[in-house]
Ligand SMILES: *Cc1c(COP(=O)(O)O)cnc(C)c1O
């Protein structure tokens, strides 16, 4: 559709990118290549970074010096991003995220699908959501008290973004907390 209308297709991969959905970039799950995509957050292991990747044919849209930021592209953060990319590629991080995500999805479906509050479980790789039949925010504090940090998406979904290095033991702890908190339908 964007080609027909001669507009650029831009993907924001700040959260979905860098292995999160089980591929290096989420667009790979759909067989689509955007003209531009953004990345950030995880790619420098927690140091501040933002990246825009642009098709070569649009590479001259910015001339050097046109787009500045006080700390942009500083050597420390670039070294961290380089190390992050090396780990992503050399240690097969997207495959690992996909395998752990598949496992967690099976466990969540087994443990939570029958609960009265739960509408459905959805996700891709290690980006998952538990959609409830009611507002999710009251459950977020309860989950925190049970040792699990989660947030809300779209009002009724408990959003889970587990770390790629999560252990089986921590997965069990998370599922136990979810089961206990979401069993309470009051
Ligand atoms: C955090 C975030 C941004 C903003 O990233 P900055 O590096 O702060 O500009 C953009 N898109 C999504 C989806 C984000 O989560």
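Numbers below:
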| quantity | calculated |
| --- | --- |
| Options 111, 86: the member that is in the same structural domain as residue 16 (by TED's automatic domain parsing) and over 21 Å from residue 15 (Cβ atoms) | 86 |
| Condition met for residue 125 (under 29 Å from residue 28 (Cβ atoms) and touching a strand residue (DSSP E or B) at 6+ places or on another chain (Cβ under 7 Å)) | no |
| Failed criterion for residue 137 (all others in (1) touching a residue at least 60 places away in the same chain (Cβ under 8 Å); (2) within 21 Å of the chain's Cα centre (by Cα); (3) surrounded by fewer than 16 Cβ atoms within 10 Å (Cβ to Cβ) hold) | (1) |
| Unique match (being touching a helix residue (DSSP H, G or I) at 6+ places or on another chain (Cβ under 6 Å) and within 11 Å of the ligand (Cβ to nearest atom)) among 14, 51 | 14 |
| Residue count, the range 157-186 (criterion: buried (at least 17 other Cβ atoms within 10 Å of the Cβ), without any contact (Cβ under 8 Å) to a residue 60 or more places away in the chain and farther than 28 Å from residue 95 by Cβ) | 1 |
| Scope the range 51-68; condition closer than 17 Å to residue 40 by Cβ and touching a residue at least 12 places away in the same chain (Cβ under 8 Å); matching residues | 51, 52, 53, 54 |
| Qualifying position, being under 23 Å from residue 125 (Cβ atoms), more than 16 Å from the ligand (Cβ to nearest atom), assigned by TED's automatic domain parsing to the domain that holds residue 161 and in contact with a strand residue (DSSP E or B) (Cβ under 9 Å, 6 or more places away or on another chain), among 98, 106 | 98 |
| Residue match in the range 86-98 (condition: closer than 24 Å to residue 36 by Cα, loosely packed, with under 13 Cβ neighbours inside 10 Å and more than 16 Å from the chain's Cα centre (by Cα)) | yes |
| Qualifying residue in the range 170-183 (condition: part of a loop (DSSP other than H, G, I, E, B), modelled with pLDDT under 95 and over 27 Å from residue 39 (Cβ atoms)) | yes |
| Some residue of the range 81-93 being within 14 Å of the ligand (Cβ to nearest atom) and in contact with a helix residue (DSSP H, G or I) (Cβ under 6 Å, 6 or more places away or on another chain) | yes |
| Matching residues, the range 35-60, being surrounded by fewer than 20 Cβ atoms within 10 Å (Cβ to Cβ) and either in a loop (DSSP other than H, G, I, E, B) or not assigned by TED's automatic domain parsing to the domain that holds residue 72 (or both) | 35, 45, 46, 47, 48, 55, 59, 60 |
| Test: residue in the range 30-37 that is within 16 Å of the ligand (Cβ to nearest atom) and within 16 Å of the chain's Cα centre (by Cα) | yes |
| Any hit, the range 17-29, residues being within 16 Å of the ligand (Cβ to nearest atom) and either on the phi > 0 side of the Ramachandran plot or surrounded by fewer than 12 Cβ atoms within 10 Å (Cβ to Cβ) (or both) | yes |
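The values are calculated or read from the model by the stated rules, or taken from the named source; none is laboratory data. Every value quoted in this text rests on a predicted model; they were computed, and no experiment measured them. Backbone-built Cβ (ideal geometry, glycine too); neighbour counts: all protein chains shown.
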